[in-house]
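Take a look at the structure below.
Nothing in this text is a laboratory measurement; each read-out follows from the coordinates by a stated rule. Note that this is a predicted model, so its numbers are computed, not measured. For neighbour counting, all protein chains shown are included, and Cβ atoms are generated from backbone atoms with ideal geometry for every residue, glycine included.
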Amino acid sequence: MNNTYKAIIAVFVLGSFGFYWAARQALPEDMPASMQPAAPSALASNAPIVDVAVPAELSADARMGQRGFEAKCASCHGTHAAGQTGVAPPLVHKIYEPNHHSDVAFVLAAKNGVRAHHWRFGNMPPVDGLTNADVMLIARYIRELQKENGIF
């Protein structure tokens, strides 16, 4: 193998490592406040994971969604979808922005449950007693919270 091929392979390997390392780094100064969790040692069990600013006024659909969220989701995902330490993730988080998790993803999650893939809280079971329309209203509530908190 000549030196040119060795150099190309070395650049590729180093570049791949650099990309991986950079992707794994958190940049809290670039994150909206609601995405900056407190230090894990500072969080009590069941404490909110993020601070969530609530809009001064919610749309009619979001108000209906808030009622559904409080009845079916808040026991795990916390007040205003802030998450709960040791229980469930915050939904007011960049991971759940519309470009990554569509409103239909919320419908599917409620209907089928979710295997843990972004967080280490364990699997989410299906949520009984919600129609697709109910979940779409809950998603509207979450989206309005996300927008207020600079998620999108």
Requested in this report: Using only the Cα atoms of the stretch 40-148, build the gyration tensor, take square roots of its eigenvalues as a ≥ b ≥ c, and label the shape rounded, prolate or oblate: rounded if a/c is under 1.5, else prolate if a/b is larger than b/c, else oblate.
Outcome: oblate
Query raised in the report: Can you list the lysines whose alpha carbon sits under 24 Å from that of residue 94, skipping same-chain ones fewer than 8 residues off?
Result: 72, 111, 147
Report summary line: With 0.36 nm assigned to each residue of separation and the Cα-Cα distance removed, residue 9 to residue 114 gains 33.9 nm
Report summary line: Per-residue Cβ contact counts at 10 Å, fewest first, order 4, 131, 85 as 4, 131, 85
Query raised in the report: Cα to Cα, under 14 Å, and not fewer than 8 places away if on the same chain: which aspartates and glutamates meet these conditions relative to residue 6?
Result: none
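Full-extension gain between residue 57 and residue 103, please, as 0.36 nm times their residue separation minus the C-alpha to C-alpha distance. Intermediate results must be reported in sequence, preceding the final value.
Details: separation 46, 0.36 × 46 = 16.56 nm, distance 2.09 nm.
Roughly 14.5 nm would be gained on extension.
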